[in-house]
Amino acid sequence: MLNQRAQILLKTLVERYITEGHPVGSRSLSKFSGLDLSPATIRNVMADLEEMGFVTSPHTSAGRVPTPRGYRFFVDTLLVVRPLDSVEIHHLEDQLHLDNPSQLINSASQLLSELTRFAGVVVTPKRSGAVFRYIEFMALSEKRILLIIVTPEGDVQNRVLFTDRVYSSTELIEAANFINQNYAGCDLDEIRSRLQGELKQLHHDMTDLMTAAIEVGGEAIRESSDAVVVAGERKLLDVHDLAGNMTSLKKLFDLFERKTALLQLLELSRQAQGVQIFIGGESGVVTLDEFSVVTAPYEVDGIIVGTVGVVGPTRMAYERIIPIVDVTARLLSSALSQH
């Protein structure tokens, strides 16, 4: 589509704009491109690139800035990715070597934000069903019981049950033991259909408590799956390109709050191999027109279970962000697979 001269000038323009944040003029392109071209020739090439939709001219400047299409061509064709240095990799390895899977997810999102200065996002592992490792009951008051559910991944969910009668500590232990011994590792949806007949082994008054535990436990585990953990979104307030556009930032923060549309976007990268980059409107999420999202799937024992990513302005250092996201996904996969 573009000859070598046009590609070099477009690459130079994108790199200078990412570095400096100002529209790039012919003088800068002549200085940094390494091409021996007259200002008139450079202006002609820029005019052609603008006509093809790769660059645009802000009204207040003679220079030009990349469009989302220009960024896309740059990322797909011209970008040279800069590998992480050993210090950064060791830092990631140290932080992503924890015992609690839920802490690993939070650490990954925080690290992505810390290293990029943008928002780090992680979709928690997708579960095939509502399965638990074990449960516990703890009396809170006469008719309030805390249900503690531990998933096979080690995540802990707590829910309060309101009961019609008072249960003794012995009864709560007996009920938890029965459920753990007979149903641990089973899908809670399947357990419901087995409960009525099998609960005859226990006192009839325990039926309501255990049925409620299975019902609420299943809801708790399903609610905890497919969640999006977001860290460092406030860092976007410090990004010069975004600070003056509070309308776009407000929409983005609303997106972080709701998470549904963001989850849909991040789910797209589960279907592809390696790092995926969504620039501006490519995401299909209107809110992200002025933002880019760099994502990569992560695995547990060779099966893709979630996504990590970074949300930032379209003017981001893609050559640095891409390896950060890629390495984080790989290290998270390794850490989770060891549990």
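The values are calculated or read from the model by the stated rules, or taken from the named source; none is laboratory data. Note that the structure is a prediction, hence the values are computed from the model and not measured. As a convention, Cβ positions derive from the backbone with ideal geometry for all residues, glycine included, and neighbour counts pool all protein chains shown. Just so you know, the surface numbers come from the protein's heavy atoms only, side chains and all, with ligands and any DNA or RNA stripped out. Shrake-Rupley method; radii C 1.70, N 1.55, O 1.52, S 1.80 Å.
Quick notes on this structure:
- VAL239 vs. criteria more than 18 Å from THR116 (Cα to Cα), touching a residue at least 40 places away in the same chain (Cβ under 8 Å) and aliphatic (A, V, I, L, M): no
Let's see how each residue does on (1) more than 18 Å from THR77 (Cβ to Cβ); (2) open to solvent by 20 Å² or more (accessible area, probe 1.4 Å); (3) among the basic types (Lys, Arg):
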site	(1), (2), (3)
THR12	no, no, no
PRO23	yes, yes, no
SER28	yes, yes, no
ASP36	yes, yes, no
ALA47	yes, yes, no
MET52	no, yes, no
VAL55	no, no, no
PRO58	yes, yes, no
GLY63	yes, no, no
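- All conditions in (1) under 21 Å from VAL55 (Cβ atoms); (2) open to solvent by 10 Å² or more (accessible area, probe 1.4 Å); (3) among the aliphatic types (A, V, I, L, M) hold for ILE279, with the sole exception of (2).
- Search result, residues across region 91-116 that are more than 17 Å from ARG320 (Cβ to Cβ), outside any loop (DSSP other than H, G, I, E, B) and at pLDDT below 90: GLU93, ASP94, GLN95, PRO101, SER102, GLN103, LEU104, ILE105, ASN106
- One residue stands out among those in region 293-307 that are open to solvent by 20 Å² or more (accessible area, probe 1.4 Å) and either of a type in the set (Gly, Ala, Ser) or not in a strand (DSSP E or B) (or both): the one that is modelled with the lowest pLDDT, which is ASP301.
- Among the residues of region 1-27, those identified as within 16 Å of THR314 (Cα to Cα) and part of a helix (DSSP H, G or I) are LEU10, LYS11, LEU13, VAL14, GLU15, ARG16, TYR17, ILE18, THR19, GLU20.
- Only a single item in (1) free of Cβ contacts under 8 Å to residues at least 60 places away in the same chain; (2) out of contact with any Pro (no Cβ under 7 Å at 6 or more places or on another chain); (3) closer than 30 Å to ASP85 by Cα is not met by ARG258, and it is number (3).
- Pairs where the first residue, in region 46-58, is on the phi > 0 side of the Ramachandran plot and the second is charged (D, E, K, R) and open to solvent by 60 Å² or more (accessible area, probe 1.4 Å), C-beta under 8 Å, 6+ apart: GLY53/ARG69
- Conditions (1) under 17 Å from the mean Cα position of the chain (by Cα); (2) in a helix (DSSP H, G or I); number of the one not met by GLY281: (1)
- The C-beta contact set for region 19-34 (first residue touching a residue at least 24 places away in the same chain (Cβ under 8 Å), second residue in a loop (DSSP other than H, G, I, E, B) and of a type in the set (A, V, I, L, M, F, W, C), distance under 6 angstrom, 6+ apart or interchain) comprises GLY25/ALA62.
- Cβ-Cβ contacts under 6 Å between residues 6 or more apart (or on different chains), taken from a first residue in region 310-339 that is in contact (Cβ under 8 Å) with a residue 12 or more places away in the chain and assigned to a helix (DSSP H, G or I) to a second residue that is open to solvent by 10 Å² or more (accessible area, probe 1.4 Å) and among the basic types (Lys, Arg), are listed as GLU319/ARG82; ARG320/ARG82.
- One residue alone among ALA184, ALA119, ALA130 is aliphatic (A, V, I, L, M), modelled with pLDDT under 85 and open to solvent by less than 30 Å² (accessible area, probe 1.4 Å), and that residue is ALA130.
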